[in-house]
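Following: one structure in structure tokens, then a few remarks.
The values are calculated or read from the model by the stated rules, or taken from the named source; none is laboratory data. Because the structure is predicted, anything quoted here is derived from the model rather than measured. Backbone-built Cβ (ideal geometry, glycine too); neighbour counts: all protein chains shown. Only protein heavy atoms, including side chains, enter the accessible area calculation; ligands, DNA and RNA are left aside. Shrake-Rupley method; radii C 1.70, N 1.55, O 1.52, S 1.80 Å.
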Amino acid sequence: QKEVEQDPGPLSVPEGAIVSLNCTYSNSAFQYFMWYRQYSRKGPELLMYTYSSGNKEDGRFTAQVDKSSKYISLFIRDSQPSDSATYLCAMSATSGYSTLTFGKGTMLLVSP
Amino acid sequence: EAQVTQNPRYLITVTGKKLTVTCSQNMNHEYMSWYRQDPGLGLRQIYYSMNVEVTDKGDVPEGYKVSRKEKRNFPLILESPSPNQTSLYFCASSPLRGSTDTQYFGPGTRLTVL
């Protein structure tokens with residue numbers, strides 16, 4: 001079983017839809033969870049960061065972590081065409097400088 | 001502007017011809033890392049460095065070398081490139097101490113080895 005599983009998509013939604021992106025993981029030591037957004041031909045950029053279980057909201061984005069189920073989610077409300085990108089989940093066991101384990105990314109396409 | 005820069009952005013080379021991809025950051029970050037990104041395999045870490053003269057292997061270090069002689073620079077060296085090293089390479093940096101694992105990524109270097 002891969003350490004981090006993420007559906008590659010593509011996930012196609014109309015503008016204004018609520019988008020749900022998910023990752024599952026197997027390593028119970030993971031405590032720090034991140035979502036990166038990667039536009040075509042660009043480097044990943046950090047979108048959301050959460051520690052342990054719970055929710056975190058930032059504008060139209062909400063990150064959820066359920067450590068008991070080893071499942072994390074990113075919700076995008078009122079999706080926009082500019083949200084079209086690949087979304088990568090990443091996680092680590094310790095804070096600071098530890099190695100990140102990435103999911104393979106989900107491609108999201110938001111049509112006008 | 002805080003950034004990670006990589007050069008070159010695109011490179012086509014032939015098997016066995018040594019090459020270096022440079023990476024530089026202007027944020028005084030201690031931690032720097034190299035990743036490769038391949039379709040279906042995602043981002044995989046090649047090498048990382050926690051400070052000057054401190055480097056360690058990531059998940060896929062074979063065929064690569066790195067050095068960290070200065071804090072701002074972390075070049076990736078392919079002594080004898082092979083076609084299986086054709087990939088998209090990203091350099092990243094982050095502070096050692098902070099509230100997040102924020103890694104700032106460079107724009108990427110697309111390498112083709114013929």
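Could you tell me whether residue A:68 is more than 14 Å from chain B (Cβ to nearest Cβ) and part of a loop (DSSP other than H, G, I, E, B)?
It is true that residue A:68 is more than 14 Å from chain B (Cβ to nearest Cβ) and part of a loop (DSSP other than H, G, I, E, B).
Assuming residue A:40 fulfils every condition listed in (1) assigned to a strand (DSSP E or B); (2) more than 14 Å from the chain's Cα centre (by Cα) apart from one, which condition is it?
The failed condition is (1).
So which of B:35, B:47 is surrounded by 21 or more Cβ atoms within 10 Å (Cβ to Cβ) and either in contact with a Ser or Thr (Cβ under 9 Å, 6 or more places away or on another chain) or among the aliphatic types (A, V, I, L, M) (or both)?
Criteria check complete, one pass: B:47.
How about the stretch A:72-112: which of its residues are over 20 Å from residue A:10 (Cα atoms) and either under 13 Å from the mean Cα position of the chain (by Cα) or in a strand (DSSP E or B) (or both)?
Selection gives A:91, A:92, A:101.
Residues that are surrounded by 18 or more Cβ atoms within 10 Å (Cβ to Cβ) and facing chain A (nearest Cβ under 8 Å): list the strands (runs of 3 or more DSSP E) wholly contained in the stretch B:51-114 that include at least 1 such residues.
Output list reads B:87-94.
Collect the residues in the stretch A:8-21 that are within 17 Å of residue B:42 (Cβ to Cβ) and open to solvent by less than 50 Å² (accessible area, probe 1.4 Å), keeping them in residue-number order.
A:9, A:21
Among the residues of the stretch A:43-55, which ones are within 28 Å of residue B:37 (Cα to Cα), more than 12 Å from the chain's Cα centre (by Cα) and either at pLDDT 90 or above or surrounded by fewer than 14 Cβ atoms within 10 Å (Cβ to Cβ) (or both)?
A:43, A:52 - these are the residues of the stretch A:43-55 that are within 28 Å of residue B:37 (Cα to Cα), more than 12 Å from the chain's Cα centre (by Cα) and either at pLDDT 90 or above or surrounded by fewer than 14 Cβ atoms within 10 Å (Cβ to Cβ) (or both).
Exactly one condition in (1) over 27 Å from residue B:89 (Cβ atoms); (2) assigned to a strand (DSSP E or B); (3) hydroxyl-bearing (Ser, Thr, Tyr) is not met by residue A:49; state its number.
Failing condition for residue A:49: (1).
Go through the stretch A:56-92 and give me each residue that's open to solvent by less than 10 Å² (accessible area, probe 1.4 Å) and modelled with pLDDT under 95.
A:90, A:91, A:92 - these are the residues of the stretch A:56-92 that are open to solvent by less than 10 Å² (accessible area, probe 1.4 Å) and modelled with pLDDT under 95.
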